[in-house]
Amino acid sequence: MENEGLVQIYCGPGKGKTSVAIGQAIRAVGHGKTAIVIQCLKGRATSELDYLSVLEPNVRLFRFEKKDKYYEDLSDEEKQEENCNIRNGLNYARKVLVTQECDMLILDEILGAVEFGIITEEEVEELIRTKDEETELILTGNVVPVRLREAADRVVSLEVIK
């Protein structure tokens, strides 16, 4: 696969970032690869990716958040609790990269976690430095900080034109 080992970012204000990233995972499976998806900020009730269960164990989905609501809809107290859960997801992502547990790691809405101040740009940069040469890392979110844009191999902005 020509994308092997790249750091890719799918960003922009429109919809479709998660779908494009998942499409990359499905494509990887077609090439005999494995993928792990760690989803942030979307809550446990989101069922849009439940269909991935038919692709297990080649594609595995993890949601560390416990609340059923989107992050923006939580109270301040609930947000504090979920921040800890999201940080657990970050720690799991680090472990996945260190142990080379998969060929592709997708961190869905991790850029949103940076935007909300839950995770720092430096922590995401450290993840990028942690990955080996073969593991593909895909990050999604609306806004890409300049430092992360520079650290990525490819940045794709999705926008709704009409």
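Tabulated values for the structure
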quantity	calculated
Residue match in region 22-33 (condition: open to solvent by less than 20 Å² (accessible area, probe 1.4 Å), at pLDDT below 90 and either touching a Ser or Thr at 6+ places or on another chain (Cβ under 9 Å) or of a type in the set (Ser, Thr, Tyr) (or both))	no
Residues being open to solvent by 60 Å² or more (accessible area, probe 1.4 Å) and either assigned to a strand (DSSP E or B) or within 21 Å of ILE86 (Cβ to Cβ) (or both) - total across region 121-154	7
Subset of region 50-88 [assigned to a helix (DSSP H, G or I), touching a Leu at 6+ places or on another chain (Cβ under 8 Å) and not acidic (Asp, Glu)]	LEU52, SER53, TYR71, ILE86
Criterion: over 29 Å from PRO57 (Cα atoms) and among the β-branched types (Val, Ile, Thr) - qualifying residue of VAL144, VAL96, VAL124	VAL144
Single match in LEU90, LEU111, LEU105 (criterion: within 20 Å of LYS15 (Cα to Cα), out of contact with any Lys or Arg (no Cβ under 7 Å at 6 or more places or on another chain) and in contact (Cβ under 8 Å) with a residue 24 or more places away in the chain)	LEU111
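The values are calculated or read from the model by the stated rules, or taken from the named source; none is laboratory data. Keep in mind that what you see is a predicted model, and the values were worked out from it rather than measured. Neighbour counts run over all protein chains shown; Cβ positions are idealised from the backbone, glycine included. What goes into the accessible areas is simple: the full protein's heavy atoms, side chains included, and nothing from ligands, DNA or RNA. Shrake-Rupley method; radii C 1.70, N 1.55, O 1.52, S 1.80 Å.
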